[in-house]
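After the C-alpha cells below, expect a handful of questions from me.
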Amino acid sequence: MKIPRKLWLIFGISSLVLFFCASLRHWLFQSNALDLGWFDQSLYLISQGKPPIVSFSEDHILGDHAAFIFYPLALFYVIYSNVHWLFLIQAIALSISIVLLWLLAKQAGLKDNLALTIVGVYLLYPLIFNVNLFDFHSEVIALPTIFWAVLAARSKKILQFIIAIILILSCKAVLSLTVAAMGVWLLFFENRKKYGILALFLGVFWFIITTQLIIPQFSGDEVAAVGRYSFLGDSVIEILTNLILKPNIILSRFFTLANLEYIILLFIPVIWGLSPRYLTPLVAAIPALTLNLLTDYQPQKDLVHQYSIPILPFLLLSVIATLAANKSLFRQPKYIILWSLIAFLALGKYGYFTSRYLEQIETVSAMREAVKLVPTEVKVLTSPQISPHLTHRSVIKLAIKDREPINVKEFDYILLNTRYPGWENSQDTVNNLVNQLENNSNFILSYKKDGVFLFNSID
C-alpha cells in the first residue's frame, strides 16, 4: 500500500517538533538524573566497553528492567556520544507510529480522510507530547513496534511479527505482560491463532526469565516496582498468586477517586470513537491498565509519564474498529480533530515552557558555564538537574538528602546549585555541603555565580 507524501511530511514535522521541545527542556536544565541521566550514562558506558552500572545507585542497567534494547542503542554513542541521540530516537519513535497507524486504518477499510484523521488523533493525544518531555524511556520504542506487530499479524507476515515481538520484549520486562495479553486478543478475538499462541508463549516465557533470572541476577533483588504492590506480597510470584486468590483486595484498590480520574483522563480524548462492541483490542491493554490502577504511585495515573504507553495502541485500534463499523459519535474529520485539539489544549503540558521550565532560568547560564569547567573522567557530585549534562563519565553521584551521609573525599569535582537543589527535600543537604566545602582545605572554589558553586579537589 502506497504511503502518501503528506504522511511523510507530517512525520518529519512531528519528529522535528518533538526533538526540539525535548532538547529545549534539556537546555533549560529541566531534564533529570532519573531518568535521562540514568539511561544516558548507561549508553555511554556500554559504548566505551564498560559495564553499564549506573553510578547514581550502583545498579546494572539489566537489573532495572532487563531492557536489552540499550545495547544496540549504544551504537549511536559509539559514533558520537551525545544525549541528543535519545531525544532524536524518542521523537522518531513517537512520530513513525503515524505511518503504521495509517496502514492499520486503511487495512480496516477507512477512507483516506479518516485514516489521516486518526493520525491527527494520535498526534494530539496528550500523552504523545507529554511523554516526550519526560526525559527518555524505552517504552517509546515499543509504541510503534506494537502497531507493527498488529499490522504484521493481520497481514499474516510471521517473520515481521516475530521481529516486532522481540523488539517489544527488549524494551522493558513488564511489556512481556502486554505481549502475552496481545496474544490472548489475537487468539480469541482476531482469529490469528498462530500469532496469538506465539505472542502468548513468548510473553509468558520472557516474563518468567526476566523476573526470576535476569533482573535478580543483575540487581540481587526482586523487580524494582514490586514495592508499589507490597499490599499483595513481597515478590512477583507472591503478587501474582494473591491477584488470583484475593480478588477482594483488588476490588478495594480499583474503586478510588484517583482511579476514576485516571480512567477519565485516559479515555476522554477518544471517547467519541469508542463503542462497547468494538473494545476487544483493549484486552491487550489489561495488564498495563491493571498495574496502573492497583498502585498508589501517582505517576502511573496520568498522561504525563510513560506508564500508559502500552495502553494507547489498543485504545486507538478500538477507535479504528468503531469508525470502520460506522458506530462512532463523530465521523466528520473536522469534529474529530476539534475534539482532539480541545483535549490536547486541556491536558498537554506545552505550558510548562512558559512556567515550570523557567523557574530556575536565572541560574541556567551559570550552570552551563560551570559544566564546561568539569573535566572528563573525574568523579563528580552534583545536583539532579545538572547530572544529565555530566553523565558521560564513570562516576557521578547525586547531592540529595536520600544519599546522606555524603563523603566529599570520594569526589574530584562537586557542582551544586544552592538556589535550586533539584529535589525540594535536599535544600539543607546542598547548603550544608557548600558550607562544609568552603571550610575544607582539600577543596578550592573554582566557580561561583548565581548560587551555583563548583569545587574541585586539590589532591
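The values are calculated or read from the model by the stated rules, or taken from the named source; none is laboratory data. Just so it is clear, the structure is predicted and the values come from calculations on it, not from any experiment. Cβ sites come from the backbone with ideal geometry, for glycine too, and all protein chains shown count toward neighbours. The accessibility values were calculated without ligands, DNA or RNA, using every heavy atom of the protein model including side chains. Shrake-Rupley method; radii C 1.70, N 1.55, O 1.52, S 1.80 Å.
Residue by residue, here is whether (1) hydroxyl-bearing (Ser, Thr, Tyr); (2) in contact with a Gly (Cβ under 7 Å, 6 or more places away or on another chain); (3) in a helix (DSSP H, G or I); (4) under 25 Å from Ile342 (Cβ atoms) holds:
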| residue | (1), (2), (3), (4) |
| --- | --- |
| Leu266 | no, no, yes, yes |
| Pro269 | no, no, yes, yes |
| Trp272 | no, no, yes, yes |
| Ala284 | no, no, yes, no |
| Leu289 | no, no, yes, yes |
| Leu303 | no, no, no, yes |
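So, of the residues in the stretch 385-396 that are open to solvent by less than 10 Å² (accessible area, probe 1.4 Å) and assigned to a helix (DSSP H, G or I), which turns out to be farthest from Leu415 (Cα to Cα)?
Pro388
Scan the stretch 305-326 residue by residue and report those that are part of a helix (DSSP H, G or I), within 17 Å of the chain's Cα centre (by Cα) and among the aliphatic types (A, V, I, L, M).
The initial filter retains those residues of the stretch 305-326 that are part of a helix (DSSP H, G or I), namely 306-308, 312-324.
Pick out the ones that are also within 17 Å of the chain's Cα centre (by Cα) and you get 306-308, 312-313.
The one that is part of a helix (DSSP H, G or I), within 17 Å of the chain's Cα centre (by Cα) and among the aliphatic types (A, V, I, L, M): Leu312.
Here's a follow-up. Hey, can you tell me all the residues within the stretch 371-384 that are within 20 Å of Asp35 (Cβ to Cβ) and either open to solvent by less than 10 Å² (accessible area, probe 1.4 Å) or among the charged types (D, E, K, R) (or both)? Write out each step before concluding.
Restricting attention to the stretch 371-384, the residues satisfying the condition of being within 20 Å of Asp35 (Cβ to Cβ) are 371, 380-384.
Result: Val380, Leu381, Thr382, Ser383, Pro384.
Also, quick follow-up: Would you check if there is a residue in the stretch 24-41 being open to solvent by less than 50 Å² (accessible area, probe 1.4 Å), at positive phi and over 16 Å from the mean Cα position of the chain (by Cα)? Explain how you work it out, then say what you get.
As a first pass, look at the stretch 24-41 and keep what is open to solvent by less than 50 Å² (accessible area, probe 1.4 Å): 25-26, 28-33, 35-41.
Imposing the further condition that a residue be at positive phi reduces the set to 29.
Subset that is over 16 Å from the mean Cα position of the chain (by Cα): 29.
Yes: one or more hits.
Within the stretch 338-370, take every residue that is outside any helix (DSSP H, G or I) and open to solvent by 40 Å² or more (accessible area, probe 1.4 Å) and give me the one that is farthest from Ile264 (Cα to Cα). Please lay out each step first, then the result.
So in the stretch 338-370, the residues outside any helix (DSSP H, G or I) come out as 348-349, 355, 359-360.
From what's left, open to solvent by 40 Å² or more (accessible area, probe 1.4 Å): 349, 355, 359.
Values: Lys349: 17, Ser355: 26, Glu359: 30 Å.
Among those residues, the one meeting the criterion is Glu359.
Among the numbered criteria (1) within 27 Å of Phe68 (Cα to Cα); (2) open to solvent by less than 40 Å² (accessible area, probe 1.4 Å); (3) more than 18 Å from the chain's Cα centre (by Cα), which single criterion is violated by Pro51?
With respect to (1) within 27 Å of Phe68 (Cα to Cα); (2) open to solvent by less than 40 Å² (accessible area, probe 1.4 Å); (3) more than 18 Å from the chain's Cα centre (by Cα), Pro51 is out only on (2).
Turning to a different aspect of this structure: Kindly provide the set of residues from the stretch 427-443 that are over 13 Å from Ile458 (Cα atoms) and touching a residue at least 24 places away in the same chain (Cβ under 8 Å), ordered by number.
Asp428, Thr429, Val430, Leu433, Gln436
Considering only the stretch 140-160, how many residues are open to solvent by less than 10 Å² (accessible area, probe 1.4 Å) and closer than 19 Å to Ser23 by Cα?
Count: 1.
Could you grab me the full set of residues in the stretch 228-259 that are small (Gly, Ala, Ser) and either over 25 Å from the mean Cα position of the chain (by Cα) or farther than 15 Å from Asp296 by Cα (or both)? Break it down into steps so the answer makes sense when it comes.
At the first step, the residues of the stretch 228-259 found to be small (Gly, Ala, Ser) are 230, 233, 235, 252, 258.
Selection gives Gly233, Ser235, Ser252.
Consider only pairs whose beta carbons are under 7 Å apart and that are at least six residues apart or on different chains; among these, list those whose first residue lies in the stretch 115-134 and is under 18 Å from Trp8 (Cα atoms) and whose second residue is charged (D, E, K, R) and open to solvent by 10 Å² or more (accessible area, probe 1.4 Å).
What qualifies is Ala115/Lys106.
What number of residues within the stretch 211-254 are among the hydrophobic types (A, V, I, L, M, F, W, C) and either closer than 21 Å to Ala66 by Cα or not in a helix (DSSP H, G or I) (or both)? First the steps, then the outcome.
So the first thing to find is which residues in the stretch 211-254 are among the hydrophobic types (A, V, I, L, M, F, W, C), and the list is 213-215, 218, 223-226, 231-232, 236-237, 239-240, 243-245, 249-251, 254.
Those still in the list that are either closer than 21 Å to Ala66 by Cα or not in a helix (DSSP H, G or I) (or both) too: 213-215, 218, 223-226, 236-237, 239-240.
Qualifying residue count for the region: 12.
As an exercise: evaluate Ile239 against (1) out of contact with any helix residue (DSSP H, G or I) (no Cβ under 6 Å at 6 or more places or on another chain); (2) farther than 24 Å from Ser318 by Cβ; (3) β-branched (Val, Ile, Thr); (4) surrounded by 15 or more Cβ atoms within 10 Å (Cβ to Cβ) and give the number of the one condition it does not meet.
(1)
I'd like the residue in the stretch 207-227 that is over 20 Å from the mean Cα position of the chain (by Cα), touching a residue at least 12 places away in the same chain (Cβ under 8 Å) and under 11 Å from Ala173 (Cβ atoms) and, out of all such residues, is surrounded by the most Cβ atoms within 10 Å (Cβ to Cβ).
Ile214
What number of residues within the stretch 281-296 satisfy the criterion of being open to solvent by 50 Å² or more (accessible area, probe 1.4 Å) and either modelled with pLDDT of 95 or more or in contact with a Cys (Cβ under 8 Å, 6 or more places away or on another chain) (or both)?
Of the residues in the stretch 281-296, 1 are open to solvent by 50 Å² or more (accessible area, probe 1.4 Å) and either modelled with pLDDT of 95 or more or in contact with a Cys (Cβ under 8 Å, 6 or more places away or on another chain) (or both).
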